[in-house]
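These notes concern the structure reproduced below.
The values are calculated or read from the model by the stated rules, or taken from the named source; none is laboratory data. All figures in this text were calculated on a predicted structure; none of them were measured in a lab. Here the Cβ is made from the backbone with ideal geometry for all residues, glycine too, and neighbour counts use every protein chain on show. Please note that ligands, DNA and RNA were not included when accessible areas were found on the heavy atoms of the full protein model with its side chains. Shrake-Rupley method; radii C 1.70, N 1.55, O 1.52, S 1.80 Å.
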Amino acid sequence: MEKSEPNTAAATTAVSPCAACKILRRRCRENCELGPYFPPTEPLKFTIAHRIFGASNIIKLLQDLPKSQREDAVNSMVYEASARIRDPIYGCAGSIFQLQRQINDLQGELAKAQAEILKMQCQQANLMTLICKELAQMPQPPMYDHQSLNDNYNIASPQSYHSSSYLFEDSNILEPLWT
Ligand code: ZN
């Protein structure tokens, strides 16, 4: 009879039985159908699934599925079983309701925050309009005129002092005051 499992997998299962077979106290065969999904390193996985679904149901379910879907099915069963242990009445549905409530609460908070942002944007726009209006009504100070600033600078420049003193020297008007 041909074996579908590779030799390496067979070698590891021979060394230590899978978690399922160990818990069920049965001999773990080379082509154990539970071995690939319940490795000996994770005994809790099978304990949890076994407590809620039962070993025969797990095996039956896996046999009905193509190999490509079996790992997902096992993970789903383990998740559902842990939810059922945590919440015996609602199980997974309890988590779903709780998450749905959280989504609703957060959506409410988001809507409130968005309304607050809109309100603040309106207030900011109103404030800007008010500031612009105030500025437009204020009288323009004369200092802002560029040409008059330049003229002031020319009057106070050292060049102009020099030329005026030169003018005084030349005419000798101030000479009696210096002696
Ligand atoms: Zn096994």
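Quick notes on this one:
- Remark: the range 105-114, residue by residue, has Karplus-estimated 3J(HN,Hα) of 4, 5, 5, x, 5, 4, 4, 4, 5, 5 Hz, where x stands for each Gly or Pro and the curve is 6.51 cos²θ - 1.76 cosθ + 1.60 at θ = phi - 60°.
- Placing pseudo-labels 7 Å out from each Cα toward the beta carbon at GLN100 and SER76 gives an inter-label distance of 1.9 nm.
- Spacing of the two label points (7 Å from each Cα toward its C-beta) at ILE85 and LEU130, in nm: 6.3 nm
- Cα gyration tensor, the range 14-86 - rounded (a/c under 1.5), prolate or oblate: oblate
- Along the range 117-126 the Karplus relation, 6.51 cos²θ - 1.76 cosθ + 1.60 evaluated at θ = phi - 60°, assigns HN-Hα couplings of 4, 4, 4, 5, 5, 5, 4, 5, 5, 4 Hz to successive residues, with x for each Gly and Pro.
- Share of carbon and sulfur in the accessible heavy-atom surface of the range 48-95 [1.4 Å probe, %]: 52 percent
- Cross-link partners of LYS67 among lysines, defined as those whose alpha carbon lies under 17 angstrom from its own and excluding same-chain residues fewer than eight positions apart: LYS3.
- Potential extension, CYS92-GLN123 segment - 0.36 nm per residue separation minus Cα distance: 6.5 nm
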